[in-house]
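First the structure, in the form of C-alpha coordinates, and then the observations on it.
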Amino acid sequence: MAIVGGSYGGYAALVGVTFTPDVFAAAVDVVGISDLVNFMRSQPDFVQPMLAYNWFTYVGDPADPEQAADMLARSPVSRVDQIRTPLMVVHGANDARVVLAESDQLVEALRARGVPVEYTVMRDEGHAIENPENVIALYTAAERFARFDEMVPGLRKALRDSYLSSRAVGGGWSA
(Lines give C-alpha, C1' and ligand atoms only; values in the text may rest on other atoms or scores of the structure.)
Protein backbone atom coordinates (compact mmCIF):
# COMPACT_ATOMS: atom_id res chain seq x y z
CA MET A 1 0.00 0.00 0.00
CA ALA A 2 1.23 3.52 -0.84
CA ILE A 3 0.52 6.84 0.87
CA VAL A 4 0.07 9.95 -1.26
CA GLY A 5 -0.87 13.52 -0.42
CA GLY A 6 -0.47 17.17 -1.25
CA SER A 7 -0.01 20.18 1.05
CA TYR A 8 -1.29 19.04 4.47
CA GLY A 9 -1.84 15.66 2.82
CA GLY A 10 1.84 15.74 1.89
CA TYR A 11 2.58 16.29 5.58
CA ALA A 12 0.37 13.27 6.31
CA ALA A 13 2.30 11.17 3.78
CA LEU A 14 5.58 12.22 5.37
CA VAL A 15 4.23 11.51 8.86
CA GLY A 16 3.21 8.08 7.58
CA VAL A 17 6.75 7.20 6.50
CA THR A 18 8.49 8.77 9.51
CA PHE A 19 6.26 7.69 12.39
CA THR A 20 5.20 4.32 10.88
CA PRO A 21 8.12 3.51 8.57
CA ASP A 22 7.23 -0.13 7.96
CA VAL A 23 3.58 0.34 6.97
CA PHE A 24 3.82 1.74 3.44
CA ALA A 25 5.45 0.31 0.31
CA ALA A 26 5.90 3.78 -1.26
CA ALA A 27 5.10 7.43 -0.54
CA VAL A 28 4.45 10.47 -2.72
CA ASP A 29 4.62 13.93 -1.14
CA VAL A 30 3.39 16.88 -3.23
CA VAL A 31 4.11 20.35 -1.78
CA GLY A 32 4.04 18.83 1.70
CA ILE A 33 4.99 20.36 5.03
CA SER A 34 8.11 18.74 6.47
CA ASP A 35 8.80 21.22 9.30
CA LEU A 36 5.81 22.67 11.17
CA VAL A 37 7.88 25.45 12.77
CA ASN A 38 9.35 26.61 9.46
CA PHE A 39 5.94 26.30 7.79
CA MET A 40 4.29 28.58 10.35
CA ARG A 41 7.12 31.11 10.32
CA SER A 42 7.26 31.33 6.52
CA GLN A 43 3.58 32.00 5.84
CA PRO A 44 2.92 35.05 3.65
CA ASP A 45 1.61 38.22 5.30
CA PHE A 46 -1.92 37.72 3.97
CA VAL A 47 -2.17 34.38 5.80
CA GLN A 48 -0.73 35.45 9.16
CA PRO A 49 -4.00 36.81 10.68
CA MET A 50 -5.80 33.51 9.96
CA LEU A 51 -3.16 31.42 11.74
CA ALA A 52 -4.21 32.61 15.20
CA TYR A 53 -7.68 31.11 14.90
CA ASN A 54 -6.76 27.65 13.72
CA TRP A 55 -3.08 26.75 13.30
CA PHE A 56 -1.90 28.32 16.57
CA THR A 57 -4.75 26.58 18.39
CA TYR A 58 -4.31 23.13 16.87
CA VAL A 59 -0.67 23.00 15.77
CA GLY A 60 1.14 25.47 18.02
CA ASP A 61 2.74 28.88 18.14
CA PRO A 62 6.35 28.80 16.90
CA ALA A 63 7.10 31.98 18.90
CA ASP A 64 6.62 29.99 22.12
CA PRO A 65 9.80 27.88 22.65
CA GLU A 66 7.94 25.03 24.35
CA GLN A 67 5.33 24.83 21.59
CA ALA A 68 8.03 25.16 18.90
CA ALA A 69 9.86 22.17 20.41
CA ASP A 70 6.63 20.15 20.35
CA MET A 71 5.96 21.19 16.75
CA LEU A 72 9.45 20.12 15.71
CA ALA A 73 8.95 16.75 17.43
CA ARG A 74 5.85 16.27 15.23
CA SER A 75 7.70 17.35 12.08
CA PRO A 76 8.84 14.70 9.60
CA VAL A 77 12.15 16.54 9.07
CA SER A 78 13.11 15.69 12.66
CA ARG A 79 12.61 11.98 11.95
CA VAL A 80 14.21 11.51 8.53
CA ASP A 81 16.41 8.83 10.08
CA GLN A 82 13.28 6.67 10.25
CA ILE A 83 12.50 6.82 6.50
CA ARG A 84 13.06 3.51 4.74
CA THR A 85 10.11 3.76 2.37
CA PRO A 86 10.78 4.72 -1.25
CA LEU A 87 9.83 8.41 -1.42
CA MET A 88 8.91 10.72 -4.28
CA VAL A 89 8.82 14.45 -3.50
CA VAL A 90 7.30 17.03 -5.87
CA HIS A 91 7.22 20.77 -5.21
CA GLY A 92 6.30 23.93 -7.10
CA ALA A 93 9.23 26.37 -7.15
CA ASN A 94 6.87 29.35 -6.69
CA ASP A 95 4.96 27.97 -3.71
CA ALA A 96 4.20 30.78 -1.25
CA ARG A 97 2.22 28.60 1.19
CA VAL A 98 4.63 25.70 1.73
CA VAL A 99 7.98 27.14 0.70
CA LEU A 100 10.36 25.09 -1.43
CA ALA A 101 12.79 24.96 1.52
CA GLU A 102 10.41 22.46 3.16
CA SER A 103 11.14 19.88 0.48
CA ASP A 104 14.75 20.93 -0.07
CA GLN A 105 15.72 20.32 3.57
CA LEU A 106 13.96 16.96 3.66
CA VAL A 107 15.57 15.75 0.43
CA GLU A 108 19.01 17.02 1.47
CA ALA A 109 18.76 15.17 4.79
CA LEU A 110 17.75 11.95 3.05
CA ARG A 111 20.48 12.20 0.45
CA ALA A 112 23.05 12.93 3.17
CA ARG A 113 22.07 9.55 4.68
CA GLY A 114 22.34 7.86 1.27
CA VAL A 115 18.58 7.26 1.07
CA PRO A 116 17.32 7.37 -2.52
CA VAL A 117 14.57 9.92 -3.07
CA GLU A 118 13.01 10.99 -6.34
CA TYR A 119 12.76 14.80 -6.28
CA THR A 120 11.07 17.00 -8.86
CA VAL A 121 10.83 20.77 -8.66
CA MET A 122 8.29 22.18 -11.10
CA ARG A 123 9.68 25.60 -11.99
CA ASP A 124 6.38 26.95 -13.36
CA GLU A 125 4.14 25.89 -10.48
CA GLY A 126 3.20 27.22 -7.07
CA HIS A 127 1.27 25.55 -4.25
CA ALA A 128 -1.05 23.73 -6.65
CA ILE A 129 0.20 21.74 -9.60
CA GLU A 130 -2.21 23.14 -12.21
CA ASN A 131 -0.61 23.31 -15.65
CA PRO A 132 -2.15 20.43 -17.64
CA GLU A 133 1.20 19.09 -18.82
CA ASN A 134 2.52 19.11 -15.25
CA VAL A 135 -0.58 17.44 -13.83
CA ILE A 136 -0.26 14.63 -16.34
CA ALA A 137 3.51 14.38 -15.71
CA LEU A 138 2.96 14.34 -11.93
CA TYR A 139 0.36 11.58 -11.93
CA THR A 140 2.18 9.55 -14.58
CA ALA A 141 5.38 9.73 -12.53
CA ALA A 142 3.54 8.92 -9.28
CA GLU A 143 1.82 5.96 -10.88
CA ARG A 144 5.14 4.67 -12.22
CA PHE A 145 6.96 5.33 -8.94
CA ALA A 146 4.43 3.69 -6.64
CA ARG A 147 3.22 1.17 -9.23
CA PHE A 148 -0.40 2.11 -8.57
CA ASP A 149 -1.53 0.56 -11.85
CA GLU A 150 -0.45 -2.83 -10.50
CA MET A 151 -2.61 -2.28 -7.39
CA VAL A 152 -5.57 -0.72 -9.20
CA PRO A 153 -5.77 -1.85 -12.84
CA GLY A 154 -6.96 0.96 -15.10
CA LEU A 155 -6.04 3.74 -12.67
CA ARG A 156 -3.96 5.66 -15.22
CA LYS A 157 -6.85 5.83 -17.69
CA ALA A 158 -9.34 6.79 -14.95
CA LEU A 159 -7.12 9.63 -13.70
CA ARG A 160 -6.52 10.96 -17.19
CA ASP A 161 -10.23 10.74 -18.10
CA SER A 162 -11.24 12.46 -14.86
CA TYR A 163 -8.75 15.26 -15.39
CA LEU A 164 -9.67 15.80 -19.03
CA SER A 165 -13.42 15.80 -18.34
CA SER A 166 -13.06 18.29 -15.46
CA ARG A 167 -11.02 20.64 -17.70
CA ALA A 168 -13.64 20.38 -20.45
CA VAL A 169 -16.28 21.89 -18.18
CA GLY A 170 -13.90 24.45 -16.65
CA GLY A 171 -13.67 22.78 -13.26
CA GLY A 172 -10.74 21.72 -11.15
CA TRP A 173 -9.09 18.34 -11.09
CA SER A 174 -10.54 15.50 -9.06
CA ALA A 175 -10.44 11.75 -9.09
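The values are calculated or read from the model by the stated rules, or taken from the named source; none is laboratory data. Because the structure is a prediction, the values reported are computed rather than measured. Every residue, glycine among them, receives a Cβ derived from its backbone with ideal geometry; neighbour counts consider all protein chains shown. Note: accessible area is taken over every heavy atom of the protein model, side chains too, but ligands, DNA and RNA are not part of it. Shrake-Rupley method; radii C 1.70, N 1.55, O 1.52, S 1.80 Å.
Heavy-atom surface analysis with a 1.4 Å probe gives the chain a carbon and sulfur content of 57 percent of its accessible area. Between F19 and N94, the simple label model (points 7 Å from Cα in the Cβ direction) yields a spacing of 3.4 nm. The Stokes-Einstein estimate for segment 33-119, based on a Kirkwood radius over Cα pairs and taken at 10 °C with 1.306 mPa s viscosity, is a diffusion coefficient of 115 µm²/s. Taking amide H positions as modeled 1.01 Å from N, with prolines and chain starts lacking one, the residues under 5 Å from R97 and 5 or more places away or on another chain are H127. A DSSP coil position with no more than 14 other Cβ atoms inside 10 Å describes the following GluC sites (Glu not before Pro) in segment 27-133: E130. Ordered by 1.4 Å accessible area with all protein chains kept, I129, I83, I136 run largest first as I136, I129, I83. Surface listing: D124, D104 arranged by accessible area from highest to lowest gives D124, D104, probe 1.4 Å. In whole Å, what is the distance between the alpha-carbon centres of segment 58-135 and segment 23-54? Segment 58-135 and segment 23-54 have Cα centres spaced 9 Å from each other. For the chain, the fraction of C-alpha pairs farther apart than 29 angstrom is 23 percent.
The phi-based Karplus calculation (6.51 cos²θ - 1.76 cosθ + 1.60; θ = phi - 60°) puts the 3J(HN,Hα) values of segment 2-13 at 10, 10, 9, x, x, 6, 5, x, x, 4, 4, 5 Hz, whole numbers, x for Gly and Pro.
Backbone geometry of segment 54-70 corresponds, through the Karplus equation with coefficients 6.51, -1.76 and 1.60 at θ = phi - 60°, to 3J(HN,Hα) couplings of 9, 5, 4, 5, 9, 10, x, 10, x, 6, 8, x, 5, 5, 4, 5, 5 Hz, x marking Gly and Pro. Phi angles of segment 115-128 translate, via the Karplus equation with coefficients 6.51, -1.76, 1.60 and θ = phi - 60°, into HN-Hα couplings of 8, x, 9, 8, 10, 10, 10, 8, 5, 10, 10, x, 6, 10 Hz per residue; Gly and Pro are given as x.
Using the rule -39500 (n - 2.57) for each DSSP H run of four or more residues, divided by the residues of the chain, the 222 nm mean residue ellipticity is -13000 deg cm²/dmol. With R₀ set to 35 Å, the beta-carbon distance separating D70 from N131 gives a calculated FRET efficiency near 0.40.
Distances between placed amide hydrogens fall under 5 Å for G6 paired with V30, all partners being 5 or more residues away or on another chain.
Computed over protein heavy atoms with a 1.4 Å probe, the accessible surface of the chain works out to 52 Å² per residue.
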